[in-house]
């Protein structure tokens with residue numbers, strides 16, 4: 001869509017249930033790749049200013065079909081997530097939350113959309129379809145939430161499974177990977193520069209100590225081209 005407020009383009013996203021999320025990290029990398037094909041300009045370092053419901057996002061083309069996106073500043077206060085866990089002006093870091101008869105220690109981060117992150121010993125053992133839906137619709141999240149279960153392999157390498165708000169279990173979630181690294185730093189579980197392994201592949205996440213912004217780097221490859229003819 002045409003840009004707004006001085007941006008180059010506007011991106012809107014719709015989940016499989018018809019809801020419209022504020023942002024999609026994987027989607028914006030794919031959009032950047034699509035725009036390079038559309039404009040015929042794949043110059044390394046070229047960037048786009050994209051308007052989203054989460055604010056301004058700036059994807060930049062890298063070598064080897066990689067795209068780096070400035071995902072902005074993480075929001076950490078309960079009122080910004082939003083969640084009713086704790087006080088509105090406090091961070092939600094390893095707060096107990098009862099789900100499915102068990103108390104989980106959760107850390108909440110907004111990357112323009114809400115994320116609830118839990119660190120576990122074995123991410124593959126999580127009953128994602130059952131737990132994810134219960135986390136998503138828990139009453140402490142008035143706008144529902146995305147949910148990430150994170151296994152720390154090394155301080156610079158995380159394994160993630162995700163249940164996305166409005167979409168369910170997915171192969172990857174860019175904003176979720178960003179939120180998970182932020183949560184890991186806040187709880188002293190990981191470094192500021194991490195590789196996050198998801199079922200669909202790996203993303204490199206950097207929560208900059210200098211400017212406080214989160215940068216995501218990952219692939220964007222053309223899978224197919226469809227041409228539709230109408231009479």
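Overview of results
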{"quantity": "Within region 201-231, tally of residues that are farther than 23 Å from residue 58 by Cα and at pLDDT 95 or above", "calculated": "0"}
{"quantity": "Residues being in contact (Cβ under 8 Å) with a residue 24 or more places away in the chain and either part of a loop (DSSP other than H, G, I, E, B) or closer than 13 Å to residue 141 by Cα (or both) - total across region 76-98", "calculated": "11"}
{"quantity": "Strands (runs of 3 or more DSSP E) contained entirely in region 135-231, each with at least 1 residues that are within 17 Å of residue 112 (Cα to Cα) and not assigned by TED's automatic domain parsing to the domain that holds residue 58", "calculated": "146-154, 157-164, 201-207, 214-219"}
{"quantity": "Qualifying residue in region 61-73 (condition: outside any loop (DSSP other than H, G, I, E, B), touching a residue at least 40 places away in the same chain (Cβ under 8 Å), out of contact with any helix residue (DSSP H, G or I) (no Cβ under 6 Å at 6 or more places or on another chain) and over 28 Å from residue 184 (Cα atoms))", "calculated": "no"}
{"quantity": "Index of the failed condition, residue 8 passing every other in (1) touching a helix residue (DSSP H, G or I) at 6+ places or on another chain (Cβ under 9 Å); (2) modelled with pLDDT of 95 or more; (3) farther than 16 Å from residue 146 by Cα", "calculated": "(2)"}
{"quantity": "Boolean, residue 69 is within 19 Å of residue 132 (Cβ to Cβ), crowded, with 19+ Cβ neighbours inside 10 Å and at pLDDT 90 or above", "calculated": "no"}
{"quantity": "Which listed residue, of 56, 31, is over 14 Å from the mean Cα position of the chain (by Cα) and in contact (Cβ under 8 Å) with a residue 40 or more places away in the chain", "calculated": "56"}
{"quantity": "Residues within region 25-54 that are in a loop (DSSP other than H, G, I, E, B) and either assigned by TED's automatic domain parsing to the domain that holds residue 204 or crowded, with 19+ Cβ neighbours inside 10 Å (or both), tallied", "calculated": "2"}
{"quantity": "Any hit, region 121-133, residues being assigned to a loop (DSSP other than H, G, I, E, B), modelled with pLDDT under 95 and outside the structural domain of residue 13 (by TED's automatic domain parsing)", "calculated": "no"}
{"quantity": "Residue check, residue 112 buried (at least 18 other Cβ atoms within 10 Å of the Cβ), in the same structural domain as residue 102 (by TED's automatic domain parsing) and either modelled with pLDDT under 95 or at positive phi (or both)", "calculated": "yes"}
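The values are calculated or read from the model by the stated rules, or taken from the named source; none is laboratory data. Quick caveat, the model's predicted, so the values are computed rather than measured. Note: ideal-geometry Cβ built from the backbone for every residue, glycine included; neighbour counts use all protein chains shown.
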